[in-house]
Ligand SMILES: [Zn+2]
């Protein structure tokens, strides 16, 4: 029997476990981070809502003050009109009529201004409603996420413990230099996905698209040597138990399995 066939089986089993561990680890690390980011977002949305709230109430107060000024102007105009029949001279009448006219112009101006303020207030109130909705939605998402993680995190941690227990004897049985090479492959991150093992199409590494030495591939297929892709460092392993291990057309005949 080729000497490394069991080693290859062990490395493949280890890699299967480590792929699941990696996903689990990512979940365990990322979920609290995602929830913390959501909590920050909620704080931001709540302060945005408070800003909109004070903008709306300031605008409403300004509108009320404007309406009070308008009422006072109307009263002044009324009093001036009531004064006219009691005036003695035509000069006095003319002066009062000029006063009435001036008040009328002020009233017209203020009325236009108040209309604009009313429109502005409506826009501010619409923005406030949006800010309120955004804050409510974020709060609901955070609460849902926290509740789900409360249920999920003990399960994920237990799964991780199980995998660790499954992994330990496998890693313990491997020759330390093989284990080191396998671990080196896992440490190669960057553009390629995280795994310790790669497959090939013809002579091209599936992980990094680099051409691999034909001799190395042959030795790997024969389970007589352990090789890694030169570029991505993933181990070049061929599963001895894969049911449909078809021969590549350019492949040389290999020793019987
Ligand atoms: Zn590669």
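Since every read-out is calculated from the coordinates, none of them should be taken as a lab result. Note that the coordinates shown come from a computational prediction; the quantities given were computed from them, not determined experimentally. Reconstructed Cβ throughout: ideal geometry from the backbone, glycine too, with neighbour counts over all protein chains shown.
What is the calculated FRET efficiency for residue 39 to residue 81, with r their C-beta to C-beta distance and R₀ = 51 Å, to the nearest 0.05?
So, using R0 = 51 Å, E works out to roughly 0.20.
For region 117-166 and region 198-221, compute the distance between their C-alpha centroids and round to whole Å.
Each part's Cα centre sits 46 Å from the other's.
In a Gaussian network model over the chain where Cα atoms closer than 10 Å are linked, find which of 29, 161, 101 has the largest mean-square fluctuation.
Maximum fluctuation in the GNM of the chain, among the listed residues, is at 101.
Hey, could you get me the Stokes-Einstein D for region 38-171, Kirkwood radius over alpha-carbon pairs, 25 °C and 0.890 mPa s, rounded to whole µm² s⁻¹?
118 µm²/s
Based solely on its DSSP helices, what 222 nm [θ] is calculated for the chain when runs of n ≥ 4 H residues each add -39,500 (n - 2.57) and the sum is averaged over all residues, nearest 500 deg cm²/dmol?
After summing the helix terms and dividing by the residues of the chain, the value is -26500 deg cm²/dmol.
Taking the alpha carbon gyration tensor of region 59-137, what are the square roots of 5 times its eigenvalues, largest first, to the nearest whole Å?
43, 10, 5
Tell me the angle of helix 5-83 to the major Cα principal axis of the chain, expressed in degrees between 0 and 90 and rounded to the nearest ten.
The angle comes out at about 0 degrees.
Any chance you could give the angle, 0 to 90 degrees and rounded to 10, that helix 176-187 forms with the longest Cα principal axis of the chain?
30 degrees
Cα axis of helix 90-173 to longest principal axis of the chain: angle in degrees, 0 to 90, nearest 10?
20 degrees
Over region 65-131, what relative contact order in percent results from Cα pairs under 8 Å that are six or more residues apart?
After rounding, I find 40 percent.
Across the chain, what fraction of all alpha-carbon pairs, as a whole percent, falls in each successive 5 Å bin from zero upward?
1, 5, 8, 9, 8, 7, 6, 5, 5, 5, 4, 4, 4, 4, 3, 3, 3, 3, 3, 3, 2, 2, 1, 1, 0, 0, 0
For the chain, modelled as a GNM with alpha-carbon contacts under 10 angstrom, which of 197, 224, 107 fluctuates the most?
107
Which of 131, 65, 141 moves the most in a Gaussian network model of the chain with Cα springs under 10 Å?
65
Between residue 126 and residue 92, with labels modelled 7 Å along Cα→Cβ, what's the label distance in nm to one decimal, could you check?
Spacing of the two 7 Å Cα→Cβ label points: 5.4 nm.
Sort 91, 206 so the one with the fewest other Cβ atoms within 10 Å of its own Cβ comes first.
Placing the least packed residue first, the sequence is 91, 206.
Rounded, prolate or oblate: which fits region 198-248, taking a ≥ b ≥ c as square roots of the Cα gyration tensor eigenvalues, rounded meaning a/c under 1.5, else prolate when a/b beats b/c?
It comes out prolate by the Cα gyration axes.
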